[in-house]
Amino acid sequence: MGIVPLERALQLAADVDLDLVEVAPMARPPVCKLMDFGKFKYESALKAREARRNQQQTVIKEMKLRPKIDPHDYETKKGHVVRFLKAGDKVKVTIMFRGREQSRPELGYRLLRRLESEITELGYVEAAPKQDGRNMTMVLAPHRATKAAAAERVAASAKAPRPPRDEDVVDAPESEAPATESADAGAPAGTPGQ
């Protein structure tokens, strides 16, 4: 329409039964649009809801270790870290030092570097090992391919029907007796069934 006085713009909006909405108030002159404002608000709310639904939530899991951890315990904790990374979550690995262990931070550093080298195919170090008081922390994040695979698994599991489990099967109530026992039910109370 070009540059139109405010009164004429309001009259045009009233003629076509629409609202006059200021789109760019900082522009000189301000830019306005003729539209159904209620419909516009509804559609923008739908788009915002859809964007929130498709948004990936970043979860940070934490795994705590000690510098003198047993090899079997280390393997168990490493398995948890691998599971978290495969699920697409970040992992904060914390080494807790107590007493004299605080004077040997290289033990914790070596342990974190060992963990890093063993999970290189699943993730990378997002925050390098850093001493923070009695703790040393390192943050691991999954590779993009790992995160995408985890998102695909979640989407596939949401669409696929769930197979029935044992607890889904409901047994007949005990009050209903099988047909063979019902024949004995007609016999007098004192006589045994034949």
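Per-structure values
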item	result
Length gained when the stretch Arg8-Ala155 is fully extended (0.36 nm per residue, less Cα-Cα span)	47.7 nm
Residues Gln57 and Ala145, FRET efficiency given R0 of 22 Å [Cβ-Cβ distance, rounded to 0.05]	0.70
Whole-Å distance, taken between Cα centres, linking segment 109-151 and segment 2-47	52
Förster radius 30 Å - calculated FRET efficiency between Met35 and Ala127 (Cβ-Cβ, nearest 0.05)	0.05
Debye equation applied to the C-alpha atoms of segment 1-62, log10 I(q)/I(0) at 0.23 Å⁻¹	-0.96
Extended-chain gain in nm, criterion 0.36 nm per residue less alpha-carbon gap, His80 and Lys64	4.7 nm
Highest-first arrangement of 140-151, 60-71, where packing means the average Cβ count within 10 Å	140-151, 60-71
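Values quoted throughout were computed directly from the atomic coordinates according to the rules given, and no laboratory measurement underlies them. Since the model is a prediction, treat every value here as computed from it, not as a measurement. For neighbour counting, all protein chains shown are included, and Cβ atoms are generated from backbone atoms with ideal geometry for every residue, glycine included.
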